[in-house]
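Structure, as structure tokens:
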Amino acid sequence: MTAPELVETALGTVRGEIDHDAKARVFRGIPYAAPPVGRLRWRPPHPPAPWRGIRPAVRFGPVAVQNPPPETSLFAFPGRTQSEDCLSLNVWTPLDAAPATRPVMVWFHLGAFQFGAGSAPLFDGRRWARDGIVLVTVNHRLSRTGFLVHPELVEEGGGSAGNYGLQDQVAALCWVRDNIAGFGGDPGCVTVCGISSGASSVALLMAAPAARGLFHRAVAESGGAFGPLATTTGVGDAWQDLGSAAASGHAWAVAAGAPRLVDLRRASAATLRAASLPPPGATTGIFDASRPVIDGTFLPETPHTAFGRGAQASVPLLVGSAADEDLSMFNHPRDLASYRRQAVADHGASSAEFLELYPAATDDQAVAAGLRSNGHRLFTWQNWRWAQLHRAAGHPVY
């Protein structure tokens, strides 16, 4: 009988570890794609090399290259190694799971496509394994290494570029399809899920033809791709158009001292990280470094258009937002006077109606009302819109 901590994958055998308290098997740092370095930087993910013997899977892989936020942030990973060689995933599975019997959840982390990792303590899968679920968390490329669009990349890609981080997610889902049965998961019962930018990933994967058939349900919390994120932070949609992205990427490359693609590919990961904005600790513009792009290939059209004509994945969707979003990272009014001024600036002739919906008579009430209204604008509204579009196409929505 094979030891429960050993699993044979399509690329070789991995050895995880047993968590007897959680009655779970845990496998960390399993590669699902080749390191995207050298000539593979800013290219779609390639299959990883197979290995001989038994590969240890007891340590998390490096996190993607990113500007580390303050250590108090949800995105902080003190002491965690950063590397472009980050395309790995982690699996938690019930100790008694027979092959191909358990539902699978694939979790995409939050972090505005700029920060984060699947190894964050917030996403520890032991509690899911206790409930009989196989949980997979994923590292993918972020920020400039994951979403850069440059005119030469567009030319190299035959008119398309960007979305390397999203393509990584598809590669991870392909790995799940091909391998999860050996970990006790049912490849025909895969749910993609995420919060914040992880929820945006879910929406974009539902709109992406390349992801079709790789998952069977979707769960999203406090995020999406169906509305502007904030006017007060200089943030637009969760995606950008190809032309704007290429112009922005070229301007960034020039400012970084590496205007040509050959120069960018020669630059070290540390150089790219240092050149990326915003600087660590910034509270505005955190979405501006780079975002998913409507590239005409991976994302042929905007999510609004795809869902509006019923071209999205035909899967059940559970979508919602938290009652009190933690929006302290955004600029918002800090007192009653600034709250009222902001209401007029944002809503003009409708400001009185807005203040009736979100009343405030003191500074503390103004802060609370500002946070609540921002949460509704940034998350609740677009989640509602997402649900309406998906329901109109005839699919179950919860």
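Read-outs throughout are calculated quantities, based only on the coordinates presented, and are distinct from any laboratory measurement. Because the structure is a prediction, the values reported are computed rather than measured. Glycine gets a Cβ as well: all are built from the backbone with ideal geometry, and neighbour counts include every protein chain shown.
A few remarks follow.
- Pairwise FRET efficiency - R43 versus Q365, Cβ, R0 = 51 Å, nearest 0.05: 0.50
- Amide proton proximity set for D295, modelled H, under 5 Å, gap of 5+: none
- Here the residues M105, M206, ranked from fewest to most Cβ neighbours within 10 Å of their Cβ, fall in the order M105, M206.
- Coupling constants for the range 100-110 follow from the phi torsions by the Karplus curve (6.51 cos²θ - 1.76 cosθ + 1.60, θ = phi - 60°), and in residue order they are 6, 10, 9, x, 10, 10, 10, 9, 9, 6, 7 Hz; glycine and proline get x.
- Vicinal HN-Hα couplings computed from phi for the range 194-202 (Karplus, 6.51 cos²θ - 1.76 cosθ + 1.60; Hz; Gly/Pro x): x, 10, 6, 5, x, 5, 4, 4, 4
- Charge context of A218, other residues only, Cβ under 14 angstrom, K/R +1, D/E -1: +2
- Hydrodynamic radius by Kirkwood, which averages 1/r over all alpha carbon pairs of the range 69-209, in angstrom: 15.9
- Degrees, to the nearest 10: 363-375 long Cα axis against longest axis of the chain: 50
- Rounded to 5, the percent of DSSP beta bridges in the chain classed as antiparallel: 40
- Segment D263-T302, extension gain: residue separation times 0.36 nm, minus the distance between their alpha carbons: 10.9 nm
- Residue exposure sequence - S200, S222, S290 - by fewest surrounding Cβ within 10 Å: S222, S290, S200
- Across the range 1-29, the residues whose backbone nitrogen lies under 19 Å from the label position 7 Å along the beta-carbon direction of R52 are 8-15.
- The range 90-151: chymotrypsin sites (Phe, Trp or Tyr not before Pro) falling in loop per DSSP and having at most 10 other Cβ within 10 Å: none
- Computed over the chain, the Cα gyration tensor eigenvalues convert (square root of 5λ each) into semi-axes of 35, 26, 21 Å, ordered from largest to smallest.
- If you take the Cα centroid of the range 104-183 and the Cα centroid of the range 371-393, the two points sit 24 Å apart.
- Order of H150, H216 - criterion: other Cβ atoms within 10 Å of each residue's Cβ, fewest first: H216, H150
- Each helix, a run of at least 4 DSSP H residues, gives -39500 (n - 2.57); summed and divided by the residues of the chain, these come to -8500 deg cm²/dmol at 222 nm.
- With 0.36 nm allotted per residue and the present C-alpha distance subtracted, the L95-D124 stretch has 8.9 nm of extension available.
- When you count the other C-beta atoms within 10 angstrom of each residue and take the mean per peptide, 48-58, 175-185 line up highest first as 175-185, 48-58.
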